[in-house]
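All remarks here apply to the structure that follows.
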Amino acid sequence: MALFPRFVDLRGQPCLVAGGGEVALRRIRGLLDFGARLTVCAPRIKDEISHLAACGQIALQHRCFQAGDLAGVRLAVAATDDPAVNAEIRRLGAEGGIPVSSADSEPVTATGFSFPALVRRGDLVVGISSSGAFPALSRHVRERIDATLPPDLAEVTERLGRLRAELETSGLDPAERREIIEAHLKEMLAQEGWQE
């Protein structure tokens, strides 16, 4: 069954990544891109992860996962090379109501989540999921969307955000604000060479 997409504000939110390998590194990078406050625990750590800790971007625990590591976290990633440890993290997360993404090929549980393939242009984020069944297809679709979207779309989202904030205090009714934003959007997209 298809998974429901859900976007979450992780800015400054405590998150945990258990694992120090390549999969953990990919998840760490993705979470840092969205402002998560990360703690990583693993007995063996890739150099790139150690570098992130040395730069102060993550907190690092050179040890195996412990149950208390989940205390107070918004979400967790089980990316160890031990399926039993990953299963324990999923179990503890389910008991505590903490969403857990597992690197194992286990199906996503009611309290779990999966990482989508992402295309990002500033605050515009497109997430693609095959519910974990076809990751290669998700990556392919991501590449196609990424090639289609104008590279300067981040600038468009920023300008539209400023316009929306100005209009919120303008006294105009919602329908009038929407019309103004739609007109500006069409003009900006035309300038970027991305017309309907």
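Whenever a residue of segment 29-41 is in contact (Cβ under 8 Å) with a residue 24 or more places away in the chain, its partners that are open to solvent by 10 Å² or more (accessible area, probe 1.4 Å) and among the aromatic types (F, W, Y), lying with C-beta atoms within less than 7 angstrom and at least six residues away or across chains, give the pairs G30/F115; C41/F65. Hey, among the residues in segment 17-40 that are surrounded by 16 or more Cβ atoms within 10 Å (Cβ to Cβ) and among the basic types (K, R), which one's farthest from A117 (Cα to Cα)? Among those residues, the one meeting the criterion is R37.
Residue-wise test of (1) in contact with a helix residue (DSSP H, G or I) (Cβ under 9 Å, 6 or more places away or on another chain); (2) over 19 Å from R26 (Cβ atoms).
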site	(1), (2)
H51	no, no
A54	no, yes
A67	yes, yes
A71	yes, yes
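Comparison of P14, P43, P99, P83 shows that the only residue that is crowded, with 18+ Cβ neighbours inside 10 Å and not hydroxyl-bearing (S, T, Y) is P99. Run T148 past the list (1) closer than 21 Å to R29 by Cα; (2) surrounded by fewer than 12 Cβ atoms within 10 Å (Cβ to Cβ) and report the number of the one that doesn't hold. With (1) closer than 21 Å to R29 by Cα; (2) surrounded by fewer than 12 Cβ atoms within 10 Å (Cβ to Cβ) applied to T148, the lone miss is (1).
Table: residues versus (1) over 22 Å from A36 (Cα atoms); (2) at pLDDT 85 or above; (3) touching a Phe, Trp or Tyr at 6+ places or on another chain (Cβ under 9 Å); (4) not aliphatic (A, V, I, L, M).
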| position | (1), (2), (3), (4) |
| --- | --- |
| P83 | yes, yes, no, yes |
| A87 | yes, yes, no, no |
| A117 | no, yes, no, no |
| R121 | no, yes, no, yes |
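Let's see how each residue does on (1) farther than 17 Å from P5 by Cα; (2) over 21 Å from the mean Cα position of the chain (by Cα):
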site: D104; (1), (2): yes, no
site: A117; (1), (2): no, no
site: D123; (1), (2): no, no
site: S131; (1), (2): no, no
site: D146; (1), (2): yes, no
site: R159; (1), (2): yes, yes
site: L167; (1), (2): yes, yes
site: L172; (1), (2): yes, yes
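Each residue in segment 182-196 was checked for being surrounded by 12 or more Cβ atoms within 10 Å (Cβ to Cβ) and modelled with pLDDT of 90 or more, and 0 pass. Annotation: of all residues in segment 121-138 being out of contact with any helix residue (DSSP H, G or I) (no Cβ under 7 Å at 6 or more places or on another chain) and closer than 24 Å to D9 by Cβ, the one that is surrounded by the most Cβ atoms within 10 Å (Cβ to Cβ) is S138. Of the residues making up segment 43-63, not a single one is touching a residue at least 24 places away in the same chain (Cβ under 8 Å), within 20 Å of R90 (Cα to Cα) and among the charged types (D, E, K, R). When segment 1-34 is filtered for residues that are of a type in the set (V, I, T) and at pLDDT below 95, the ones remaining, listed by number, are V8, V23.
The values are calculated or read from the model by the stated rules, or taken from the named source; none is laboratory data. Values in this document were obtained by computation on a predicted structure and should not be read as measured data. Every residue, glycine as well, gets a Cβ built from its backbone with ideal geometry; the counts of neighbours run over all protein chains shown. Keep in mind that these areas ignore ligands, DNA and RNA; they rest on the heavy atoms of the full protein, side chains included. Shrake-Rupley method; radii C 1.70, N 1.55, O 1.52, S 1.80 Å.
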